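Trainee: Sending over a structure as structure tokens; questions will come in a sec.
The values are calculated or read from the model by the stated rules, or taken from the named source; none is laboratory data. These numbers come from a predicted model, not from an experiment. In this analysis, Cβ positions are derived from the backbone assuming ideal geometry, glycine residues included, and neighbour counts consider all displayed protein chains. With ligands, DNA and RNA removed, areas are computed over all heavy atoms of the protein, side chains included. Shrake-Rupley method; radii C 1.70, N 1.55, O 1.52, S 1.80 Å.
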Amino acid sequence: MTERPNPLLIANTIDEALDAVSRGSTPIAGGTDLVVGARQGNKRLPASLVAIDRVEELQSIGLDSDGSLSIGSGVTHATLMSSTVVVTNYTALADAAALIGSPATRNVGTIGGNVMNGSPAMDTGAPLAVFDAMIQLSTVAGNRQITTSELWVAPGQTSAEPDELCTAIIIAPQPDRSGSAYVRLEYRRSMEIAVVGAAAVVTLGLDGTIAGCRIALTAVAPTIVLVDGLESLIGQAIGEATLATVADLASSQAAPISDLRASEQYRSHSVGVMAKRAVLAAARRATGESISVPVNRSIGVGSDGQRQWEAGAS
Amino acid sequence: MTIDEQGSESESIGYDLHVNGQTYPVEATLDRNLLGVLRTEIGLTGTKEGCDDCECGACMVLLDGQPVNSCSYLAAQAQGRQITTIEGLGNADQLHPLQECLLAHGGVQCGFCTPGMIISAHALLERNSSPSRDEVGIGLSGNLCRCTGYAKIIDAVLDSASNGSVEPTP
């Protein structure tokens, strides 16, 4: 008779967590995906869990020696949205964290959980994709880092091996005169899942034209997707024509499904609108303008404020 | 011992929960949520089951002072942490100031959401003792109320924060 695995180990160190994962335990942090999924009957609760929410080593945000931002996988959304370095330099990620669930969800839900759950509707995914974030996967034997597009392979499915634990997310410094934003279409302001969303990071040249632009889309494909063909924006000024190109590129590269939340056509169209708004907010932040986190609240998607704000750009 | 749907055996595990300053020994299977253990094993029924799907906030409790949806939190994962339920904040003989204010402002109708509302409001006021109306709205954004329309609940929370200078919503 084989020994039963420990149903629940509460880990205090990364080593304890990695050892348990190597023996087949499933990591749990806030449980906002795992437990909710099990209670809805989508996926059974694994027989053996390792709680990683008390591993302090996973809960810090720091700068590496090369200036990269290193976010522990156990950092909660509440911590992310109020971290000065994230809000200042990686604002799109703060925009996204501030939109997740409710205060209760943000207090226990973690960026590592969001990343490893691999939902195409995850809010932190598009910001991480535009920042070219590296996901650090660890085992008892060592670490490897992969890109988000290497990690996310299908809805709810990642390329991580069963014995790997996500321990950190690493983001290189952004060029000077860069700004970023994440905007989503939502039907309510809390406990919402993105109908569609878009993140953008925009770098401006000294003359104020676009020197670099990356856009990623939420909930319009089996995984978060990066928009191709943005090179045509280089050297262009931010204005009605540029934003129309952004919307066209985003909408044409969306491959959404129809479900009870939105039809395929509505998602394809509205993701272009979100991409346009994300680029505009990112470009304004790149000039040094302060737009408070999250953009969805400070601008008010669909409000008069939003329309005036967009009119000001053209 | 229980037999789950797929026929494999799930064994009970034993652990202690610290609720409202008291320690309760618990024997339950790993899949039991904190809400169920609080209500049926420990007998504290002030915490309510609304949606059982992490949407409505009726089940809100404090875990080390932070609001958590207890329907979607494993009871076993709460061991070693301080759990506070509505019973730990006030009772019929000594109401919590938030409870007084909710009564004074008519912020209670059917009352089902009220324990969760008070837990979320308490957590908000602990970290922000003079919130704006918008900040109260965000603090309570994980709690649904189908009776009041929220205005009177928000009035009550603002009143509790400011000690009585809030004009009631007509």
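Trainee: Residue by residue through segment A:51-66, note down the ones that are out of contact with any helix residue (DSSP H, G or I) (no Cβ under 8 Å at 6 or more places or on another chain) and either within 11 Å of another protein chain (Cβ to nearest Cβ) or more than 16 Å from A:Gln136 (Cα to Cα) (or both). Outline the logic, then answer.
Mentor: Step one: filter segment A:51-66 for residues out of contact with any helix residue (DSSP H, G or I) (no Cβ under 8 Å at 6 or more places or on another chain), giving A:54, A:56, A:60, A:62, A:64-66.
Residues satisfying the conditions are A:Arg54, A:Glu56, A:Ser65, A:Asp66.
Trainee: Which of (1) over 14 Å from B:Tyr150 (Cα atoms); (2) assigned to a loop (DSSP other than H, G, I, E, B) does B:Gln77 not meet, given it meets every other one?
Mentor: If we test B:Gln77 against (1) over 14 Å from B:Tyr150 (Cα atoms); (2) assigned to a loop (DSSP other than H, G, I, E, B), just (2) comes out false.
Trainee: Determine the pairs where a residue that is at positive phi, located within segment B:117-139, has a partner that is in a helix (DSSP H, G or I) and open to solvent by 80 Å² or more (accessible area, probe 1.4 Å) with Cβ atoms under 7 Å apart, the partner being 6 or more residues away or on another chain.
Mentor: That search, which allows pairs on different chains as well, returns nothing.
Trainee: Assess whether B:Thr84 counts as being more than 10 Å from chain A (Cβ to nearest Cβ) and in contact with a strand residue (DSSP E or B) (Cβ under 7 Å, 6 or more places away or on another chain). Break it down into steps so the answer makes sense when it comes.
Mentor: Details: more than 10 Å from chain A (Cβ to nearest Cβ): yes; in contact with a strand residue (DSSP E or B) (Cβ under 7 Å, 6 or more places away or on another chain): yes.
Criteria met by B:Thr84.
Trainee: Could you tell me whether any residue of segment A:103-112 is more than 14 Å from chain B (Cβ to nearest Cβ) and open to solvent by less than 30 Å² (accessible area, probe 1.4 Å)?
Mentor: Here is the first cut: in segment A:103-112, the residues more than 14 Å from chain B (Cβ to nearest Cβ) are A:111-112.
Filter once more, keeping what is open to solvent by less than 30 Å² (accessible area, probe 1.4 Å): A:111-112.
Yes, segment A:103-112 has at least one match.
Trainee: Would you mind stating whether B:Asn69 is touching a Gly at 6+ places or on another chain (Cβ under 8 Å), at pLDDT 95 or above and open to solvent by 50 Å² or more (accessible area, probe 1.4 Å)?
Mentor: Working: touching a Gly at 6+ places or on another chain (Cβ under 8 Å): yes; at pLDDT 95 or above: yes; open to solvent by 50 Å² or more (accessible area, probe 1.4 Å): no.
Here the answer is no, as B:Asn69 does not meet what is asked.
Trainee: Where the second residue is crowded, with 16+ Cβ neighbours inside 10 Å and among the basic types (Lys, Arg) and the first is more than 16 Å from A:Leu128 (Cα to Cα) and without any contact (Cβ under 8 Å) to a residue 40 or more places away in the chain and lies in segment A:210-239, which pairs have Cβ atoms under 9 Å and are six or more apart or on separate chains?
Mentor: A:Ala211/A:Arg177; A:Leu230/A:Arg214
Trainee: Against the definition (within 17 Å of A:Arg106 (Cα to Cα) and out of contact with any Asp or Glu (no Cβ under 9 Å at 6 or more places or on another chain)), how does B:Glu135 come out, yes or no? Reasoning before the result, please.
Mentor: Numbers: within 17 Å of A:Arg106 (Cα to Cα): yes; out of contact with any Asp or Glu (no Cβ under 9 Å at 6 or more places or on another chain): yes.
So B:Glu135 fits the description; yes.
Trainee: For segment B:124-158, how many residues are within 13 Å of A:Ser102 (Cα to Cα) and not polar (S, T, N, Q)?
Mentor: Pass one, segment B:124-158, residues within 13 Å of A:Ser102 (Cα to Cα): B:124, B:135-144.
From what is left, the residues that are not polar (S, T, N, Q) are B:124, B:135-140, B:142, B:144.
Within segment B:124-158, residues that are within 13 Å of A:Ser102 (Cα to Cα) and not polar (S, T, N, Q) number 9.
Trainee: List the helices (runs of 4 or more DSSP H) that sit entirely inside segment A:67-135 and contain at least 1 residues that are among the basic types (Lys, Arg) and modelled with pLDDT of 95 or more. Talk me through it step by step, then tell me what you get.
Mentor: On the way: elements: A:77-82, A:84-89, A:91-99, A:103-108, A:111-117, A:125-130.
Qualifying helices (runs of 4 or more DSSP H): A:103-108.
Trainee: So if I check each of A:Ser22, A:Ser48, which one is in contact (Cβ under 8 Å) with a residue 40 or more places away in the chain and at the interface with chain B (Cβ under 10 Å from one of its Cβ atoms)? Even if it seems obvious, please write down each step before you answer.
Mentor: Working: A:Ser22 fails: at the interface with chain B (Cβ under 10 Å from one of its Cβ atoms).
Exactly one of A:Ser22, A:Ser48 is in contact (Cβ under 8 Å) with a residue 40 or more places away in the chain and at the interface with chain B (Cβ under 10 Å from one of its Cβ atoms), namely A:Ser48.
Trainee: Against the definition (open to solvent by 10 Å² or more (accessible area, probe 1.4 Å) and under 26 Å from A:Gly101 (Cβ atoms)), how does B:Leu89 come out, yes or no?
Mentor: On the way: open to solvent by 10 Å² or more (accessible area, probe 1.4 Å): yes; under 26 Å from A:Gly101 (Cβ atoms): yes.
Yes.
Trainee: Just checking, which of A:Arg144, A:Arg188 is within 14 Å of chain B (Cβ to nearest Cβ) and open to solvent by 20 Å² or more (accessible area, probe 1.4 Å)? Break it down stepwise before answering.
Mentor: Working: A:Arg144 fails: within 14 Å of chain B (Cβ to nearest Cβ).
Testing whether each residue is within 14 Å of chain B (Cβ to nearest Cβ) and open to solvent by 20 Å² or more (accessible area, probe 1.4 Å) leaves just A:Arg188.
Trainee: Which of the residues belonging to segment A:53-65 are touching a residue at least 24 places away in the same chain (Cβ under 8 Å), open to solvent by 20 Å² or more (accessible area, probe 1.4 Å) and assigned to a loop (DSSP other than H, G, I, E, B)?
Mentor: Listed by number, the residues that qualify are A:Asp53, A:Arg54, A:Asp64.
Trainee: Being at pLDDT 95 or above, surrounded by fewer than 19 Cβ atoms within 10 Å (Cβ to Cβ) and not in a loop (DSSP other than H, G, I, E, B): is that true of B:Glu49 here?
Mentor: no
Trainee: Sticking with this one: Determine if segment B:87-106 includes at least one residue that is assigned to a helix (DSSP H, G or I), in contact with a Leu (Cβ under 7 Å, 6 or more places away or on another chain) and closer than 24 Å to A:Arg189 by Cα. Full working, then the answer.
Mentor: Residues of segment B:87-106 assigned to a helix (DSSP H, G or I): B:87-89, B:97-104.
When the remaining residues are screened for being in contact with a Leu (Cβ under 7 Å, 6 or more places away or on another chain), the result is B:87.
Next cut, closer than 24 Å to A:Arg189 by Cα only: none.
For segment B:87-106, residues assigned to a helix (DSSP H, G or I), in contact with a Leu (Cβ under 7 Å, 6 or more places away or on another chain) and closer than 24 Å to A:Arg189 by Cα: absent.
Trainee: If B:Ser141 satisfies every condition in (1) closer than 30 Å to B:Leu17 by Cα; (2) open to solvent by 40 Å² or more (accessible area, probe 1.4 Å); (3) within 14 Å of chain A (Cβ to nearest Cβ) but one, which is the exception?
Mentor: The single condition B:Ser141 does not satisfy is (2).
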